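Please read the structure below before turning to the comments.
The values are calculated or read from the model by the stated rules, or taken from the named source; none is laboratory data. Quick caveat: nothing in here was measured; it's all calculated off a predicted structure. Here the Cβ positions follow ideal geometry from the backbone for every residue, glycine too, while neighbour counts run over all protein chains shown. The accessibility values were calculated without ligands, DNA or RNA, using every heavy atom of the protein model including side chains. Shrake-Rupley method; radii C 1.70, N 1.55, O 1.52, S 1.80 Å.
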Amino acid sequence: MIRDNRVALKRYGQNFLVDANILGIIISHSCLCESDCVLEIGAGKGVLTRALLESGVKFLHSLEIDERFRPELEEIARENENFAIHWTDAMKFDYGSLRPFPNKIAANIPYNITTPLIWNLLKFANLGLTRHVYMVQREAAERLAAKPDTKARYPLGVALEAMGNVKIVKQVSRKCFRPVPDVDSCIIEINLERNFSLAGDELWREFLHRGFAHRRKFLLNNLEGLRNFSRGDFLRIFSELGIDAKIRAEDLDCESWLKLYEKICAT
Ligand code: SAH
């Protein structure tokens, strides 16, 4: 066997999946069928890439930033006509240009870009990209799936709940990766079903981020100044909607976030 002397790069979050059982769980939860076009982010040495192709999808697009993996990924490209490898930065890529356009994501993503990457990919739900299966760091999974009244609740979690649902499918031990990372992981599943226009709505995003900006403050105080609304304006809106003026962002349920946003937009 040829020794692989390519050092795993921390800045690219390189921890390669080596557990066949976990690979199988990602594949089965992706619920792949012959008509699916799939997007993978961070193909690495192509382990998940091969498994996705073997499950008989119509097309697979994989993104990878590190060209040291050309030998593996170009071999896969030679063997599979229904596969395209894109040598690019997943944070700068123009996803809208993909043909055929993907309807699913299945990926063991670089953990350091989890939140901005998912925010970005939500924008393509309206083109049909609605089912996402990711391997993420365990703490990130807990934030993404956090319910109201929990400390882990954060803006993207609320945005996902407004658009669909998030489930933690399986906890994954750090021992399933090489090199072994210092964190555990989870496989998560996101299904987007509604409110697709929110994904590209800058005010919605600003609203959520402002709301959570200072966690010890009341939501009302955090929101003051949004769209030039005064504290008094927000007091009135909160009272009209029956929302407690002393609520904190992490305690507000998704339905109330949406109602509040509707009011702000309509006022
Ligand atoms: N999917 C592979 C590799 C996971 S490690 C496996 O499961 O084994 C994460 C991968 O994402 C690495 O290959 C890394 O080079 C790649 N990566 C990191 N940052 C990236 C970026 N901004 N754009 C595209 N790929 C990236």
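Quick notes on this one:
- Residues whose placed amide H lies under 5 Å from that of Phe16, excluding near-sequence neighbours: Arg178
- Here, the chain has an Rg and a Dmax of 20.4, 71 Å when only alpha carbons are counted.
- Solvent exposure of the chain, expressed per residue, is 48 Å² of accessible area, with all protein chains present and a 1.4 angstrom probe.
- All aspartates and glutamates inside 20 Å of Lys58 as judged from Cα atoms, apart from same-chain residues fewer than 8 positions distant: Glu34, Asp36, Glu40, Glu74, Glu75, Glu79, Glu81
- Highest average packing first - 47-53, 6-12, 79-85, 36-42, Cβ atoms within 10 Å: 36-42, 47-53, 79-85, 6-12
- GNM on the chain, alpha-carbon springs under 10 angstrom: the most fluctuating residue among Ile109, Ile27, Ile237 is Ile237.
- Computed in the context of the full set of protein chains, the accessible area of the range 27-72 at 1.4 Å probe radius has 55% of its extent on carbon or sulfur.
- Fluctuation leader among Ile243, Ile105, Ile26 - the chain, Gaussian network, Cα springs under 10 angstrom: Ile243
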